[in-house]
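The values are calculated or read from the model by the stated rules, or taken from the named source; none is laboratory data. These numbers were taken from a predicted model, which means no experiment stands behind them. Note: ideal-geometry Cβ built from the backbone for every residue, glycine included; neighbour counts use all protein chains shown. The accessibility values were calculated without ligands, DNA or RNA, using every heavy atom of the protein model including side chains. Shrake-Rupley method; radii C 1.70, N 1.55, O 1.52, S 1.80 Å.
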Amino acid sequence: MPATFRTPPAPYRENAYTKGPGFCCVCGQPVYRFGWHIDLWDSGANKNANWHCACVIAWQFWNVPSDQASLLRRLQARRCGQTGGRLWKTAEVDHRVPLFRVWGEHRDAPWPALLDYWGLPNLQVINRDAHAAKCAAEARDRCTARYLASECC
Ligand SMILES: [Zn+2]
C-alpha cells in the first residue's frame, strides 16, 4: 500500500513484488535497449535498467499532471472542464474523481484500471474559482462521510 492516496498504484515498485534488474518497476515487463518495450536487436533484457522510457513519462504525468496543463488546455479547446466557460490563465489541473475517493471507493479494482484515475481520463483543467468551489464541496462531503461513519460504528 502506498503511503499516501496521491501516489499511483504500482505494485512492481513494492519490495514484495519487484522483479529486479531488467524489469520495469511500473509495468513489470522486461526493459530492452534504449528503455524500449520490444527487443529489436535480440540482445535480451537490459539489466542496468528498471524503467521503460514510456513508463518514466507516464509516471511523471500521473504524479505532476500540472506540468502538462498546456496540453490539457488544448484538448479541452480552452474551455473550463467544470463550467464550460473560457479558461483563465490561473486555471488549475483537477482530478474529476478526487483521488481520496478513488482510495476509499475503488480500492478493490485491479491496479491497471485504477491508473485511469491518475491519467488523462480523470484529468481536467478548471478555473480557479470553480476549483475552489469543487474542493470545498468535496471537503464537506468528506466531513459528512466521516461523521456518518463515526455514528454507525
Ligand atoms: Zn514499463
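Solvent-accessible surface of segment 64-129, averaged per residue with a 1.4 angstrom probe and all protein chains in place: 61 square angstrom.
Rolling a 1.4 angstrom probe over the chain with all protein chains present gives an accessible area of which 56% lies on carbon and sulfur atoms. Converting the Cα gyration tensor eigenvalues of the chain into ellipsoid dimensions via √(5λ) gives semi-axes, longest first, of 34, 23, 9 Å.
W41 contributes about 110 Å² of solvent-accessible surface, heavy atoms of the protein only, 1.4 Å probe. Accessible surface area normalised per residue over segment 1-53 is 66 Å², counting heavy atoms of protein chains with a 1.4 Å rolling probe.
Place the peptides 11-20, 63-72, 26-35, 117-126 in order of packing, highest mean first, counting for every residue the other Cβ atoms within 10 Å and averaging per peptide.
117-126, 26-35, 63-72, 11-20
Please enumerate, by chain and number, the aspartates and glutamates with C-alpha under 13 Å from the C-alpha of K89, excluding those fewer than 8 residues away in the same chain. Correct list for K89: D129.
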